[in-house]
Structures are given as C-alpha cells and as structure tokens.
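What follows is a single structure, written as structure tokens, with notes after it.
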Amino acid sequence: MLSMMLPLFILLWGIAYLYSQYFINAAFDRSLIRRTYALADRVEVLQGQVQVDLPVAARELLVFDQEDLLFHSITNPEGKVIEGEQDMPPLPAKRGIRPGQLIVYDGTKDGERVRVAAFGLSLKGTSATGTALVQVGETLSHRSAMADRATLAIVIPMLLMTLTAAAAIAYGVGRGLEPLSRLRDRLSARQAFDLSPVPLEGTPAELRPFLDEINSLLQRLSEAVDAQSRFVADAAHQLRTPIAGIRAQAEAALASARHEDAHHALARIAQSTRTMGELVQKLLILARVDAAENTLRLSLLDGVKVVRVVAREWAPQALAQGVEIGFETKDPEARVMGDEQLLREMLANLIDNALRYGGTRITLTVCNSASGVTWQVTDNGPGIAEHERGAVFAPFHRLSGSVDGAGLGLTIVQRIAQLHGATVSLAAGEAGTGLAVTVRFPSAPA
Ligand SMILES: Nc1ncnc2c1ncn2[C@@H]1O[C@H](COP(=O)(O)OP(=O)(O)OP(=O)(O)O)[C@@H](O)[C@H]1O
Ligand SMILES: [Mg+2]
C-alpha cells in the first residue's frame, strides 16, 4: 500500500514545490520591480547630462537587506555606469532594452545566482536623448529559504494526511476482509463430503447474496450426491436377488453334474457369483455409509466395550480358520462419539482383511490417551509395502495376489472414520511384520 503511495506522494511534493516557488518568485519580483521604478524616479537630466539624486536614506534602502545581497546600477545612453555596480549581469536580449520596457531575468554575479530587474528609462522630452538603463538585482537566499519553508508547510500536513489515510485504509480493508478470511478458514477446514450450508450469522450484508448462491449450490450438490448414492443402493439391492438365484442354481447343478467339463464350468460360475454377491454387498454398505452422512447421529459410546464385543463375535470364525483373536487394553473405558452400527462395520472390514490376508494371530487394541482414543487391528501376516499403503484406500484397489475381495473394504473403513472425524493410518505390525491399522478418534467431550 505504502509503496504504491510513495511515488504519488513524491509527485505531489514536486508539484507543491514548483507551485510555491512560482508564487514566491512572483512576490519577490514585484518588490524588485518596485525598487527599480523608485530608482528610475531618481534619475534626472541636467544640461544634457544624466545624473542621479540619491539621498543617503534611499541609498541605504537600496543596498541593505538582512539575508540577501542587494545591488543596482544606472547606465547612461552612452553605456557608461554613472551609479552603482560596474559589472551587472548582462541583459538576456542582445539588442538591449527598448525605452519603457521592463524585464526581469536570472543571472550570476560573483559566482552566485541572482535575479535582476532592468528598466529602459526613456530620456525623451529632456535635454538628453536615448535610453538610460536602470538595474536592480538581488541574490536568491531569501527566496529559496521562503520556498523551502512554504514547501514544508504544504508537505508536512500532506505527509501526515497520506500516512493517516494509508493507515486508515489498511485498517479498514483488513477489517472489511476479516469476515471473508474467517469464512475461508471455515471452508478449508471442511471435510470433502461436508455439503452443509455455510452459516450466515456474523457475515456482512454485502456477502449475503454471494453466500446464498454458494449455499444453493451446496444444496443442489448434496441432492445430486444423495440421488446418486440412492441409485447405487437401489441397483445393488436389485442385483442381490438375481445373483443369489444364479449362485443357488449353479451350486445345485454342480452337485448333480456328471461330465467333468460341465463340473469345472459350474464350479467357476459358483465362485464368480459368490464374488459378485460380495461386491454387491460391499457396494450396498458403501452406499448406506454415504447416505448415513446426512442423518448421522453420533452418540457417546464406550470404545472398549464396542471392540471387545466385536472381537468376541468374530472369535469362532477365526478359530475355524486356525487364527487366534486377542483383545488388549490398559484402559477400563474409552469414550468415543460415534454410530455403533457403522463402527462395528468398520471393525468387521478390518478383521475380515486380517483373516483373509494376515497370518495366524489378530490383536485388537484400544488405547485412551489425552489426545483421544485409538483403535488398532494388528495381524502377523505379510503386511502392505510402504509405497502401497496410500493406494489401498482407493475404491476397487487390490494388491496383486489378492483375488477374492472387491477392493472396497478399506474404502468403507476410511469413509466411516471420516464421518467420525477420525483418521486411519497403516503401519507395519509388531516386530516389523504384518499390518497395523490404527483409527485415531478426536477426543470426545467429557
Ligand atoms: N491385513 C492385511 N494384510 C495384507 N494386505 C492387506 C491387508 N488388508 C488389506 N490388504 C490389501 O489391501 C487391499 C485392499 O483391501 P480392501 O479391504 O480395501 O479390499 P479387499 O479386501 O480386496 O476387498 P473387500 O474388502 O472389498 O472385500 C487388499 O486387496 C489387500 O491386498
Ligand atoms: Mg477387505
């Protein structure tokens, strides 16, 4: 702001300086001219000879000044100086001065800049002929001191005014933009799926039409997203029955197939329909999670209890596969704000992964610390290489070698975590083997 105003200020200062110089010069020139005429009045002609009658008091007035050096001279028509200075700064016009003409000009005298008024005094009507030259000059100290003072008198209030204006503008603009930057902070803190309207209270009236537009856009967007996830849910629901039908038929045919080729083909059909059924099931869950966003009611849960119950539920299935599920916590209680159904779904997906890809042991850990509650599902399987960890959250992303899954499990886990304001991170398990999935909840209100 100031950098923009500085050149402008210098320009104004220059104009002020030139203006004051002009008016001060005019005033000083007028006084110089007056003295020239007064001196010309003293010129008389006696028997054809030009003479000057200058009383002492008048001479003193002509030469005395506190600051400037004053000087004068009178030259007769023959070009001889009959009074005052011998070496006056020469007239600017080469052809001299016409009778009755008065000019004021700049010159130098003894190396100093001076200003001189010259008057051509016509001697017509006297016993002499031609024109006498009357000159009065002065140095410029007084003028430039006056010009400096006048410039300062203009510039200092102007500078103060400029600085005050700049400060006022900077303050005003800063204050005016404050609601906007608050709004920006609020918007940038939002989760990607948060399409709730921007609150209007505390925003200036000028911003209202703009915010109304944004809110109406968000409203339309959220309706479109809802419609889309409803469609996916409906489609998944509709697919479920025919897929189950095909699978049942394929399994029935498989049981009675005699020919080896037919047996083989039917086995593949049965396997594919099972996978397809799981995919549709996962799509349905994902669509439900998306739809839950707008109706989500988080309640205060005991995070220890939720995890313990889920671990117990999965134990028989794990045991059947030769996998041991352990539950560990040091804390008797861990408060979490959440939706129990969704959180159980999240854990189910993590345990399902650990059973499918992990090793022989799964550990569920709950930890309650000052920064919030964390849940951890650890297995001792092959784990996920560090460079793959970011990618596995993307829908339909499976690592090479995993043939079974639909690739939606971790996507569902992450969406549910986001709905709870929680984060999911992957790391190597204990002793650097296996996978440890950590869900970090924000601290719940006391
Ligand atoms: N505990 C784990 N150990 C090793 N690899 C894992 C583990 N969990 C997930 N992965 C890898 O991450 C990929 C993505 O997992 P995700 O749960 O999203 O999909 P999926 O298990 O393949 O399919 P879905 O869960 O939808 O049936 C998996 O295909 C698997 O390769
Ligand atoms: Mg999975």
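Which condition from (1) out of contact with any helix residue (DSSP H, G or I) (no Cβ under 6 Å at 6 or more places or on another chain); (2) at pLDDT 85 or above is the one that residue 273 breaks?
Against the list (1) out of contact with any helix residue (DSSP H, G or I) (no Cβ under 6 Å at 6 or more places or on another chain); (2) at pLDDT 85 or above, residue 273 comes up short only on (1).
Which of the residues belonging to region 365-388 are surrounded by fewer than 17 Cβ atoms within 10 Å (Cβ to Cβ) and either in a strand (DSSP E or B) or at pLDDT 95 or above (or both)?
Across region 365-388, the qualifying residue is only 369.
Report, by residue number, each residue of region 398-419 that is within 8 Å of ligand 1 (Cβ to nearest atom) and surrounded by 14 or more Cβ atoms within 10 Å (Cβ to Cβ).
398, 399, 405, 406, 407, 408, 409, 410, 411, 412, 413
Within region 349-360, does at least one residue satisfy the condition of being within 41 Å of the chain's Cα centre (by Cα), within 26 Å of residue 317 (Cα to Cα) and surrounded by 18 or more Cβ atoms within 10 Å (Cβ to Cβ)?
Within region 349-360, none of the residues are within 41 Å of the chain's Cα centre (by Cα), within 26 Å of residue 317 (Cα to Cα) and surrounded by 18 or more Cβ atoms within 10 Å (Cβ to Cβ).
Could you tell me whether any residue of region 423-430 is among the hydroxyl-bearing types (Ser, Thr, Tyr) and under 36 Å from the mean Cα position of the chain (by Cα)?
Yes, region 423-430 contains at least one residue that is among the hydroxyl-bearing types (Ser, Thr, Tyr) and under 36 Å from the mean Cα position of the chain (by Cα).
If you take the residues in region 1-22 that are polar (S, T, N, Q) and touching a residue at least 12 places away in the same chain (Cβ under 8 Å), which one is surrounded by the most Cβ atoms within 10 Å (Cβ to Cβ)?
20
Quick one: in region 90-127, of everything that is buried (at least 18 other Cβ atoms within 10 Å of the Cβ) and part of a loop (DSSP other than H, G, I, E, B), which residue is modelled with the lowest pLDDT?
For region 90-127, the residue satisfying everything is 97.
From 391, 422, 385, which residue is more than 15 Å from ligand 1 (Cβ to nearest atom) and without any contact (Cβ under 8 Å) to a residue 40 or more places away in the chain?
Answer to the selection: 422.
Do the conditions hold for residue 12, that is, is it modelled with pLDDT under 85 and more than 30 Å from residue 130 (Cβ to Cβ)?
Here the answer is yes, as residue 12 does meet what is asked.
So which residues in region 55-82 are out of contact with any Asp or Glu (no Cβ under 6 Å at 6 or more places or on another chain), surrounded by 17 or more Cβ atoms within 10 Å (Cβ to Cβ) and either at pLDDT 90 or above or assigned to a loop (DSSP other than H, G, I, E, B) (or both), if there are any at all?
Of everything in region 55-82, those that are out of contact with any Asp or Glu (no Cβ under 6 Å at 6 or more places or on another chain), surrounded by 17 or more Cβ atoms within 10 Å (Cβ to Cβ) and either at pLDDT 90 or above or assigned to a loop (DSSP other than H, G, I, E, B) (or both) turn out to be 72, 75, 76.
Can we say residue 220 is under 30 Å from residue 288 (Cα atoms), basic (Lys, Arg) and touching a helix residue (DSSP H, G or I) at 6+ places or on another chain (Cβ under 7 Å)?
So residue 220 fails the test.
List the pairs whose first member sits in region 156-168 and is within 11 Å of residue 9 (Cα to Cα), whose second member is at pLDDT below 85, and whose Cβ atoms are under 8 Å apart, counting only residues at least 6 apart or on separate chains?
That search, which allows pairs on different chains as well, returns 158/9; 158/12; 158/13; 158/16; 159/9; 162/5; 162/9.
Being over 15 Å from residue 428 (Cβ atoms) and within 16 Å of ligand 2 (Cβ to nearest atom) is true for just one of 321, 341. Which residue is that?
321
What are the residues in region 399-420 that are assigned to a helix (DSSP H, G or I), more than 15 Å from residue 284 (Cα to Cα) and away from ligand 2 (no atom under 13 Å from the Cβ), if any?
If the condition is that a residue be assigned to a helix (DSSP H, G or I), more than 15 Å from residue 284 (Cα to Cα) and away from ligand 2 (no atom under 13 Å from the Cβ), then 417, 418, 419 are the ones that fit.
Looking at 155, 134 in this structure, which one is in the same structural domain as residue 37 (by TED's automatic domain parsing), touching a Phe, Trp or Tyr at 6+ places or on another chain (Cβ under 8 Å) and closer than 30 Å to residue 22 by Cβ?
Only one candidate passes the filter, namely 134.
Check residue 443 against each of (1) assigned to a loop (DSSP other than H, G, I, E, B); (2) within 26 Å of residue 292 (Cα to Cα); (3) within 14 Å of ligand 1 (Cβ to nearest atom) and name the one condition it does not meet.
(3)
Output the number of residues of region 191-246 satisfying the condition of being outside any helix (DSSP H, G or I), touching a Pro at 6+ places or on another chain (Cβ under 8 Å) and not small (Gly, Ala, Ser).
2
Of all the strands (runs of 3 or more DSSP E) wholly in region 263-348, which have at least 1 residues that are closer than 21 Å to residue 409 by Cβ?
In region 263-348, 324-329, 335-338 are the strands (runs of 3 or more DSSP E) which contain 1 or more residues that are closer than 21 Å to residue 409 by Cβ.
Given the structure, is residue 437 near ligand 1 (Cβ under 9 Å from one of its atoms), in a strand (DSSP E or B) and touching a helix residue (DSSP H, G or I) at 6+ places or on another chain (Cβ under 7 Å)?
yes
For (1) basic (Lys, Arg); (2) surrounded by 11 or more Cβ atoms within 10 Å (Cβ to Cβ), each residue gets a yes or a no:
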residue	(1), (2)
154	no, yes
159	no, yes
180	no, yes
186	yes, yes
192	no, no
197	no, yes
203	no, yes
211	no, yes
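The values are calculated or read from the model by the stated rules, or taken from the named source; none is laboratory data. Just so we're clear, the structure is a prediction, and the values are computed from it rather than from any experiment. Positions of Cβ are generated from backbone atoms using ideal geometry, with glycine treated the same way; all protein chains shown enter the neighbour counts.
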